[in-house]
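The values are calculated or read from the model by the stated rules, or taken from the named source; none is laboratory data. Just so we're clear, the structure is a prediction, and the values are computed from it rather than from any experiment. Quick reminder, even Gly has a Cβ in these numbers, built from the backbone with ideal geometry, and neighbours come from all protein chains shown.
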Amino acid sequence: MGESTWKCWTSPVSRNTALLNSHEDELKEIAIKIAEKKNFTEKKIAENIGEFHHKWTTNEISKKSPQCFTIRDLNSTITSLKEIKPFEAILSFYGSRYEKNEREIMKKMIFDNFKDLYQEEIIPDLPKDFPKCYPSLSVKRAFYYSKIAFNNGRHIIITGKQGDGLTQIAKWIAEYNSKNKQNFCFVFTPETSVSDLLGKYIPNSQIDSENQ
């Protein structure tokens, strides 16, 4: 599996909840308030993350991308600072949604504008009890970002080209988490049916249409 053929990213939120038109100063203030609520005392770091959110979501790559970043991503990034460094947090909740080229552009933006946030990207080795596999950088990155997402109450979506091993890495992550009783994971494939998810319950199209 190639290093940039597939990616693991936290699930998006509808664009109608996005901070698409928020002013930079407003985002900084929101970030500081989140940090205070989470007992994170480094105000400047939180402020810079709010500024980064504004810069990235208003650049051309983000505007042309289907990815949507919201206050939830800002909140998750700052919340995760209790266990990881700011640069890792940004790459986890923002960078993990992109392939290598876009991630490198994001890293350069952080390096050029937020020196106190930047560091070299470090992807830890797989844990010893992870299912036996070849520990490629893609596998290690997918596991690492999924762990951070799960630890912060987020879901993940693994995307890529057909035949790149998406289902296999999803199974490995699900097996590891289920074995360690950390999270319940379900692997979706083209063969997944409604009964696999709901058992005997059948969706009511009339109810669904009324609730839309």
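Things worth noting here:
Residue by residue, here is whether (1) more than 18 Å from the chain's Cα centre (by Cα); (2) within 18 Å of Ile90 (Cβ to Cβ); (3) touching a residue at least 40 places away in the same chain (Cβ under 8 Å) holds:
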| site | (1), (2), (3) |
| --- | --- |
| Glu26 | yes, no, no |
| Glu42 | yes, yes, no |
| Ile49 | no, yes, yes |
| Thr57 | no, yes, no |
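- Within region 153-167, the set of residues being over 10 Å from the mean Cα position of the chain (by Cα) and not hydrophobic (A, V, I, L, M, F, W, C) comprises Gly153, Thr159, Gly160, Lys161, Gln162, Gly163, Asp164, Gly165, Thr167.
- Residue within region 161-169 that is part of a helix (DSSP H, G or I) and buried (at least 17 other Cβ atoms within 10 Å of the Cβ) present: yes
- Look at (1) part of a helix (DSSP H, G or I); (2) modelled with pLDDT under 90; (3) closer than 23 Å to Ala89 by Cα and you find that Ile157 fails only one, number (1).
- Ile34 vs. criteria at pLDDT 90 or above, closer than 30 Å to Lys161 by Cα, surrounded by 13 or more Cβ atoms within 10 Å (Cβ to Cβ) and of a type in the set (Val, Ile, Thr): no
Conditions tested, residue by residue: (1) over 24 Å from Lys147 (Cα atoms); (2) modelled with pLDDT of 95 or more; (3) in contact with a Ser or Thr (Cβ under 7 Å, 6 or more places away or on another chain); (4) surrounded by fewer than 19 Cβ atoms within 10 Å (Cβ to Cβ).
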| residue | (1), (2), (3), (4) |
| --- | --- |
| Arg15 | yes, no, no, yes |
| Ala18 | yes, no, yes, yes |
| Ile49 | no, yes, yes, no |
| Glu60 | yes, no, no, yes |
| Lys63 | yes, no, no, yes |
| Phe69 | no, no, yes, no |
| Leu74 | no, no, no, no |
| Gly95 | no, no, no, no |
| Asn101 | no, no, no, yes |
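- Among the residues examined, Lys85 qualifies as touching a residue at least 24 places away in the same chain (Cβ under 8 Å) and closer than 18 Å to Ala35 by Cβ.
- Scope region 119-152; condition in a loop (DSSP other than H, G, I, E, B), of a type outside the set (A, V, I, L, M) and touching a helix residue (DSSP H, G or I) at 6+ places or on another chain (Cβ under 8 Å); matching residues: Gln119, Glu121, Pro124, Asp125, Pro127, Asp129, Phe130, Pro131, Cys133, Asn152
- Matching option when the condition is exposed (fewer than 14 other Cβ atoms within 10 Å of the Cβ), under 29 Å from Ile32 (Cα atoms) and not polar (S, T, N, Q), among Ile122, Ile110, Ile148: Ile122
- Output for region 125-140, where each listed residue is surrounded by 14 or more Cβ atoms within 10 Å (Cβ to Cβ) and either free of Cβ contacts under 8 Å to residues at least 12 places away in the same chain or under 18 Å from the mean Cα position of the chain (by Cα) (or both): Ser138, Val139, Lys140
- Taken over region 76-88, the criterion of being of a type in the set (Asp, Glu) and surrounded by fewer than 19 Cβ atoms within 10 Å (Cβ to Cβ) is satisfied by Glu83 alone.
- Single unsatisfied condition, Thr79 versus (1) outside any loop (DSSP other than H, G, I, E, B); (2) under 24 Å from Asp164 (Cα atoms): (2)
- Conditions (1) crowded, with 20+ Cβ neighbours inside 10 Å; (2) under 18 Å from Ala35 (Cβ atoms): number failed by Leu91: (2)
- In region 174-187, residue modelled with the highest pLDDT [restricted to those that are in a loop (DSSP other than H, G, I, E, B) and surrounded by 13 or more Cβ atoms within 10 Å (Cβ to Cβ)]: Val187
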